[in-house]
Amino acid sequence: MGKWRKAVLSGVMAASVLAVPLSVYEAPIAAKAATQALDNKVVQKIDAEKIYQHVSALSVGIGERVTGSEAERKAVDYIAAQYRSYGLDVTIQPFTFQTYEEAKEISIQIAGHSGKGLEPSVFKYSPNTPAEGATGEIMDAGLGRASDFAGKDAAGKIALIERGGITFAEKAANAAAAGAKAVLIYNNTTGPLKSSLPSSGNYVATLGLTKTEGEALKALIEKEQTVTATVKVLGGGMVTKTSHNVVAVKKAHKNHDTGQILYVGSHHDSVPGSPGASDNASGVAVNLEIARVLSSQQTDTEVRFLTFGAEEIGLLGSYHYVSTLTKEEIDRSVGMFNFDMVGSKNAGDMIMFTVDGERNVVTNTGASASSRVFKPLTYGKVGRSDHQPFHEGGIAAAVFSYAPLEPEYHQPTDTIDKISKEKMENMAKVVGAGVYQIARKDTPALERAQVAPKPAEPPFEERPL
Ligand code: BES
Ligand code: ZN
């Protein structure tokens with residue numbers, strides 16, 4: 001605990017580990033009414049229509065928001081404009097990442113054979129060939145095991161390898177080590193063969209063929225003895241792209257500043273092929289509405305509203321954000337409330353997840369607020385979202401979501417028609433009340449020390465999603 005933390009917060013934590021019935025901690029009736037009046041300063045202002053409008057702007061107006069795309073940038077601009085309209089201090093934080101771009105030109109030309117030809121696919125992370133292509137004799141390399149190359153001259157040739165026995169990576173590496181210029185791996189079952197090499201290693205251009213194509217080439221070699229081909233893989237490779245986080249700060253009151261920082265976060269990117277209405281336009285929308293409502297309240301705690309890019313490709317935005325915090329800022333950080341998938345009609349009940357399955361000040365606050373303004377919440381253990389980098393950085397964090405997960409998760413069907421205004425509204429009320437409970441300047445210590453209800457089946461179950 002940093003020296004900046006309010007003493008009362010340790011009260012919350014200390015109380016939470018005691019297995020004492022909740023009633024012991026119930027505040028006197030007058031204090032309870034006062035707490036409710038304060039909750040209402042936030043809860044009654046939450047506007048479900050406004051939340052829904054944000055989901056519509058992000059998932060219908062913009063649509064799929066793939067990391068590093070134009071659409072993701074449009075979402076960033078939309079979010080920044082909203083935060084600015086609430087009077088918050090907004091920064092757009094860029095960061096770069098490496099990603100594999102698939103080759104634009106892929107072909108195999110067999111010398112002396114025109115016609116329809118082959119329709120290869122390229123393996124992910126395949127190196128390119130030279131611009132003029134890789135030309136060489138096709139050699140039948142069996143299953144591509146080291147023994148298949150032993151005693152044979154593969155230098156400068158194109159290795160034709162059948163799927164099976166060993167991994168694609170092993171086949172491709174054996175061929176490259178034997179000096180092959182390119183590798184053609186053909187399927188041993190019906191359908192195209194499209195797979196991936198490891199992201200790094202010593203490989204040459206590697207393509208996939210169907211079983212029919214591979215067997216036809218093999219027959220051609222047997223018939224003609226020497227078959228020469230030119231393989232082209234052009235325009236693929238690792239590229240550097242830029243994604244952005246949005247950082248919107250609500251400063252503490254200048255005369256009532258505890259020095260503490262709270263974070264409210266949500267990712268704004270989505271997976272390719274999905275408009276990401278639930279995952280995670282819903283989380284951004286709830287985040288924006290809490291920001292709107294809290295921006296007109298005085299707080300003695302700095303509240304930073306954050307939306308992250310590149311969550312879907314490895315939590316990159318939130319890792320980047322946490323990496324920019326100084327030790328001094330981390331010491332002043334009280335907790336991080338993360339929203340991910342908070343609006344599907346087809347998901348289960350509201351829940352909080354922590355990375356380690358342990359309760360912390362965020363889940364205690366969430367449980368306490370939920371029992372006042374909604375109904376008691378349970379806990380589970382899940383990382384997989386932007387609370388994880390905060391947890392790893394030593395900041396108490398939890399993701400608020402609904403479990404079990406909806407069937408539309410990461411599908412093209414994650415669309416606005418599956419969105420429940422009520423689920424988002426309840427989430428905004430619970431977390432809005434919780435954040436305000438910590439941040440408001442007039443919170444008496446007693447109220448902050450109210451205890452979270454115990455989880456249904458302590459300590460924690462690993463919840464299936
Ligand atoms: N929203 C999901 C994960 C999630 C599921 C969060 C249930 C909270 C409750 C998130 O966007 C996602 O898909 N994450 C990735 C992991 C990430 C490290 C790339 C996943 O779970 O596969
Ligand atoms: Zn998500």
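Only Cα sites of region 105-252 enter the Debye sum here, all with the same form factor; the resulting log10 I(q)/I(0) across q = 0.13 1/Å is -0.53, listed in q order. Taking the 1.4 Å solvent-accessible surface of the chain as the whole, the part contributed by carbon and sulfur is 52%.
Modelled spin-label separation between ASP349 and ARG145, with each label point placed 7 Å from Cα along the Cα-to-Cβ direction: 5.5 nm. Full extension of the segment from THR228 to SER323, taken as 0.36 nm per residue of separation minus the current Cα-Cα distance, would add 29.0 nm.
Remark: C-alpha extents of region 223-291 on the principal axes read 88, 25, 14 Å, sorted largest to smallest. Counting only DSSP beta bridges with both residues in region 253-407, the antiparallel share comes to about 20 percent. Dipole orientation for the chain: of the candidates ALA81, GLY208, HIS113, ALA81 has the Cα lying most toward the positive pole (charges on Cβ; Lys, Arg +1; Asp, Glu -1).
Extension gain for the segment THR189 to THR99, taken as residue separation times 0.36 nm less the Cα-Cα distance, is 29.4 nm to one decimal. Ellipsoid fit via the Cα gyration tensor, region 35-164: semi-axes of 58, 17, 15 Å, each the root of five times an eigenvalue, largest first. Counting only DSSP beta bridges with both residues in region 135-292, the antiparallel share comes to about 30 percent. Using R₀ = 30 Å, calculate the FRET efficiency as 1/(1 + (r/R₀)^6) where r is the Cβ-Cβ separation of ALA81 and LYS32; round to 0.05. For R0 = 30 Å, the calculated efficiency reads 0.15. With a Förster radius of 45 Å applied to the C-beta separation of ILE92 and SER196, the computed FRET efficiency comes to 0.85. Per residue, the accessible area of region 43-113 comes to 50 Å² when a 1.4 Å probe rolls over the protein heavy atoms. Longer than 20 Å from Cα to Cα, which of LYS104/LYS218; LYS241/LYS327; LYS381/LYS421; LYS104/LYS194; LYS32/LYS381 are they? Say none if no pair is. Beyond 20 Å between Cα atoms: LYS104/LYS218; LYS241/LYS327; LYS381/LYS421; LYS32/LYS381. Residues whose amide H comes within less than 5 Å of that of LEU143, counting only those at least five positions distant or on another chain, are GLU162 (H built at 1.01 Å from N in the peptide plane).
Beta bridges per DSSP, both residues in the chain: antiparallel share near 55 percent. Within the chain, the ratio Rg/Rh, alpha carbon atoms throughout and Rh by Kirkwood, equals 1.13. Loop-located trypsin sites (Lys or Arg not before Pro) in region 245-317 (DSSP state not H, G, I, E or B) with no more than 11 neighbouring Cβ atoms inside 10 Å: LYS254. Axis of helix 361-373 versus longest Cα principal axis of the chain: the two differ by about 60°, to the nearest ten degrees.
The values are calculated or read from the model by the stated rules, or taken from the named source; none is laboratory data. Bear in mind that the values here come from a model prediction, so they are computed numbers and not experimental data. Every residue, glycine as well, gets a Cβ built from its backbone with ideal geometry; the counts of neighbours run over all protein chains shown. Remember, those area values only see protein heavy atoms, side chains included, never the ligands or the DNA or RNA. Shrake-Rupley method; radii C 1.70, N 1.55, O 1.52, S 1.80 Å.
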